[in-house]
1. Please work out the ratio of the alpha-carbon Rg of the range 182-255 to 2.2 N^0.38 Å and round it to two decimals.
2. Count neighbours as other Cβ atoms within 10 Å of each site's Cβ, and list the trypsin sites (Lys or Arg not before Pro) in the range 367-419 that are DSSP loop with at most 13 such neighbours.
3. Once phi is turned into θ = phi - 60°, what whole-Hz ³J(HN,Hα) does the Karplus curve with 6.51, -1.76 and 1.60 give for every residue of the range 356-365, x standing for Gly and Pro?
4. With point charges of +1 on the Cβ of Lys and Arg and -1 on the Cβ of Asp and Glu, referenced to the Cα centre of the chain, which listed residue (Met117, Val176, Val228) lies farthest in the positive direction of the dipole?
5. Quick one, what does Rg over Rh come out to for the range 1-122 if you take C-alpha atoms and the Kirkwood Rh?
6. Where in the chain is the longest stretch that carries no GluC sites (Glu not before Pro) classed as loop by DSSP and with at most 12 other Cβ atoms within 10 Å?
7. For the range 124-212, what is the largest minus smallest coordinate of the Cα atoms on each principal axis, given in angstrom and ordered from greatest to least?
8. Go through Ala22, Trp356, Ala10 and say which Cα lies farthest out towards the positive end of the charge dipole of the chain; charges sit on Cβ, +1 for Lys and Arg, -1 for Asp and Glu.
Amino acid sequence: MATVEWRSPASEMAVKQLEVAAERLNLDSNVAVRLRRPDRSLIVSVPTRMDDGRVHVFTGYRVQHNDVLGPFKGGIRYHPDVNLGEVSALAMWMTWKCSLVGLPLGGAKGGVACDPMQLSRAELQAMTRRYTAEILNFIGPEVDVPAPDMGTNEQVMAWVMDTYSQHKGHAVPEIVTGKPLDIGGTLGRREATGRGLTYIIIEAAGHLGMDLSRATAAVQGFGNVGSVAAKELADLGVKVIGVSDQSGGFYDEAGLPVHRMLEYAAKNRDLSGCPYGHPVSNEDLLTLKCDILVPAALGMQITGRNAGKLRCRVLAEGANGPTTLDADEILREKEIFVIPDVLANAGGVIVSYFEWVQDLQNFFWTEAEVNKRLRDILSRAFQEVLKVSLKEKVDMRLAALMIGVSRVARAMLWRGLYA
Ligand code: GLU
């Protein structure tokens, strides 16, 4: 069970996953006990002047789980459900994700409990700058490097970068990744998570003998991950039969016009009122008969309640923590091939790492270079996870966690306990 301060459904899930991996690895219990909880957690008040002149105090968090492999790394989430427990779980998953794909980085996550859709641009900027100022002494290019996550984007990262830089007295682009290109961002970062997910699906299809040009897919979520994944899959010849966002979903057995839907969403902020396909609820989208299901929205979407009704062959987790523990068991029985979040959506942090490296060197790469290096890392990681899964007769999630956790544990054993 998660330690009381950080307890939440998400952190219970993350800690339980760690425990299962630790047991399977026969992990040193003195290491396991340290990994169950984050290194450092910060809760800050974020007073923000709203457009009507009133001051509203938001609550912000930054949780740093483990930095044995390198500086903490992880996104900043703006969502009403953000709380200490959720952010802690997400920070722990970042530790395994970075370790699994071999990045010299640790795991962190931050966020502010707010509804960014209800905030004006001025309010969003004021809140972001004050949140950055509040966590300023706990982040840094060699300490902890934030990035976008749900509800944040390149504009928010630009404000984080500017606030940090103003305090330091000079430009510090390497403080944050997922920035606009004009201020030190990298080519390919915006698309990286959805693109990486597609590279991983290509590997999985190769393993399963699935012909992608005859495959169908459904994608839950049409944000930065889901929309790019849908586009990349469609470009590969996959028939995308369902997509959804928070406003609802659309379904067409003959395949949806993904490119036109992307244009629609860009113009109208979301998909509501979109004239393509038939309406389908977010819940029903998950149970569509398809080859590849991509949950790319909120966590805990696939639960004990609906997992039995899933009709996909491959579940590729674009979101963080979309599948609960009891659902995992059902999916195993149904022999659905699950590509776990820490592998499936690692493309984002991999290209974030590339951005940080380029900023530190002041030397920038072409998009082709970025994509090639991304694909190399992900293909190798997929094959490594598959190998452990087959050898140890465990599912892909446990195999991925075993690799991620054991690398961190080895580093901890080398470095020892400072006392
Ligand atoms: N928020 C993304 C994730 O969950 C990216 C983190 C990063 O780029 O540091 O993986």
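Read-outs: derived from the displayed coordinates by stated rules, not from any lab. Given the structure is predicted, the values throughout are model-derived calculations rather than measurements. Counting neighbours? That spans all protein chains shown, and the Cβs are built from the backbone with ideal geometry, glycine included.
1. The range 182-255 yields a ratio of 1.19.
2. Counting only loop positions with at most 13 other Cβ atoms within 10 Å, the trypsin sites (Lys or Arg not before Pro) in the range 367-419 are Lys393.
3. So the J values, rounded to whole Hz, are 4, 4, 5, 5, 5, 9, 6, 9, 10, 9.
4. So the residue furthest toward the plus end is Val176.
5. My calculation of the ratio gives 1.06.
6. The longest such stretch corresponds to 143-334.
7. 55, 24, 22 Å, listed from the longest principal axis down.
8. It is Ala22, whose Cα lies furthest towards the positive end.
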